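Please read the structure below before turning to the comments.
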Amino acid sequence: MPLVHMGDMLRHAYENRYAIAAFDVVSLDFINGIIAAAEKKQAPIIISLAESHFEYFDFELLMSAVVQASRRASVPVAIHLDHGESLESAVTGINLGCTGVMVDASSQPLEDNIQDTKAIVDMAHACGIPVEGELGYVPGVEGEDAERHPGEVVYTTAADAKTYVDATGVDFLAVSIGTVHGRMKGQPKLDIERLKEINQALQIPLVIHGGTGLSDEQFRQLIDNGVTKINYYTALADAAGRSIHNNVETLGEAGYTSMVKGIAEAIQNEAESCIELWGSADKSKELLAKCEPWKPVAHVIVFNTEGLDTEGVEEMMEEGRRVLSKIPGVLDVFTGHAVQKDADFQHSWVVRFTDRSVIDSYKHHPDHQRFADERFRPYAGGRITIDYEDSSLGK
Ligand code: 13P
């Protein structure tokens, strides 16, 4: 079953009053545990990678594993950049395969938040990628004791939320109504009336950050009032930590593989409880019927060159790989030479886009136009260009 559009996913959840789990991952054990839970419960799932965690893993390497695991999963999966800190981070996330991105400019004044978010929305929408914005401030740090990061909750107001969503065009909104990231002492007090007002004013999928530590009843109230994506990490990390701790206690001195045994299962157990509680269990089939599968596009050019020697062709291709791969929505750039020396076209580019909307945004991107006009077209004589949509339906 395929990678799917996150917009379709969250709209289905919104219309059918359940929430999809967005679990942050920091290692292969997290990926395996979360997907196993989603498959066992037949639930759609969002795998998130938070920029605040990039010190713990190599984003590019872990993304390869996430993309591969998502394609093999038997349930619908979306891949999300959590708490993206800049336009550059959002472009990197999209080009590595994220199917949704979050912009977190929530610590800025409203006007600046709108301006930064709008720039990311314009870029991401031109790549066919939905954006989650955040308004208000959810304090704390995922995976750490909330007391270590004391900060005041800045509550989202319905009026500001309407202004922000209208001005930016974000697809989903993370709201601040009393939750805190990380491990809390006691339970947060949620302002459900405020959430109700925001939901009535916006009528778009809402997101809650800082899912760890809420009660069953609080989750139910959130979902009843428009929350369709719940971000959750600390409790998974604590389950993994307990598993290691138990291994140390039972085994004493032992090697790495013995110490990490059972982590994925511990994460899976915690994830299964969330999925069950948030109502996404058994929604996989129904949702898939309503979702657009993820269909990247291969922009294929076969060509011959005139007026360039072999070294010149290599230099042009090297520059193309470097420049074109940074354009928003470009997944990868392949350059090649024909194996058959009598082939009609001796060279090729295969530039893979996240989505068919990139055909247009790529064509008009200034870096593409400069490269094409100055470095490619003057030397590429005969050529054929065709865009092919992926027929593997996200697998
Ligand atoms: P917790 O770590 O409190 O579950 O919050 C996770 C989160 O909000 C990630 O964005």
Net charge within 13 Å of LEU324 by Cβ-Cβ distance, Lys/Arg positive one each and Asp/Glu negative one each, not counting LEU324 itself?
+3
Against the longest principal axis of the chain, how steep is helix 234-251, in degrees 0 to 90 to the nearest 10, with axes from Cα atoms?
80 degrees
Integer Hz, Karplus 6.51/-1.76/1.60 couplings in order for region 320-328, x for Gly and Pro
x, 4, 5, 6, 6, 5, 8, 6, x
Mean-square fluctuation maximum in Gaussian network of the chain, Cα pairs under 10 Å, restricted to SER348, SER258, SER86, hits SER258
So how do GLU311, GLU144, GLU265 rank on accessible area, 1.4 Å probe, biggest first, that is with the largest at the start?
GLU311, GLU265, GLU144
Residues with amide H under 5 Å from that of HIS80, placed H, sequence gap 5 or more
ILE47, SER48, LEU49, THR99
Round to the nearest 10 and report in Å² the accessible area of GLU217, as given by a 1.4 Å probe over the protein chains' heavy atoms.
100 Å²
Formal net charge of residues neighbouring VAL358 (Cβ-Cβ distance under 12 Å; K, R +1; D, E -1):
0
What does the convex hull of the alpha-carbon atoms of region 244-395 project to on average, in nm²?
15.8 nm²
Highest mean first, what order results for 96-106, 153-163, 8-18 on Cβ atoms within 10 Å?
96-106, 8-18, 153-163
How many percent of all Cα-Cα pairs in region 281-344 sit more than 15 Å apart?
69 percent
Local electrostatic count, GLU111, Cβ distance below 13 Å [Lys/Arg +1, Asp/Glu -1]
-2
Nonlocal amide H pairs with VAL175, under 5 Å, H built at 1.01 Å
VAL207, HIS209
Mind ordering 373-384, 115-126 by average Cβ neighbours within 10 Å, highest first?
115-126, 373-384
Semi-axes of region 1-140 from the Cα gyration tensor (sqrt of 5 times each eigenvalue, largest first, whole Å) come to 24, 17, 14
Counting only residues 5 or more places away or on other chains, whose amide H sits under 5 Å from the amide H of ASP387 once H atoms are built in the peptide plane?
VAL300
Charge dipole (debye, nearest 20) of region 272-395; +1 at Cβ of Lys and Arg, -1 at Cβ of Asp and Glu
280 debye
Whole angstrom only: what separates the Cα centroid of region 241-255 from the Cα centroid of region 30-77?
25 Å
For region 71-78, in order, what is each residue's ³J(HN,Hα) by Karplus, 6.51 cos²θ - 1.76 cosθ + 1.60 with θ = phi - 60°, in whole Hz (x at glycine and Pro)?
5, 8, 5, 9, 10, x, 10, 10
Quick check of the Kirkwood formula: for region 194-331, what is the inverse mean of 1/r over all pairs of different Cα atoms, in Å?
20.7 Å
Acute angle (nearest 10 degrees) that the helix 6-15 long axis makes with the longest principal axis of the chain, alpha-carbon atoms
30 degrees
Find the all-direction average of the projected area of the Cα convex hull for the chain, expressing the result in square nanometres with one decimal place.
21.8 nm²
About its Cα centre, how strong a charge dipole does region 1-152 have in debye, to the nearest 20, once Lys and Arg get +1 and Asp and Glu get -1 at the Cβ?
1000 debye
At a Cα cut-off below 26 Å, give the lysines reachable from LYS41, other chains included and same-chain residues fewer than 8 away excluded.
LYS229, LYS261, LYS283, LYS285, LYS290, LYS295, LYS395
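The values are calculated or read from the model by the stated rules, or taken from the named source; none is laboratory data. None of the values given here were measured: they were computed from a predicted structure. Cβ atoms come from the backbone with ideal geometry, glycine included; neighbour counts cover every protein chain shown. These area figures cover heavy atoms from the full protein model, side chains too; ligands, DNA and RNA do not enter into them. Shrake-Rupley method; radii C 1.70, N 1.55, O 1.52, S 1.80 Å.
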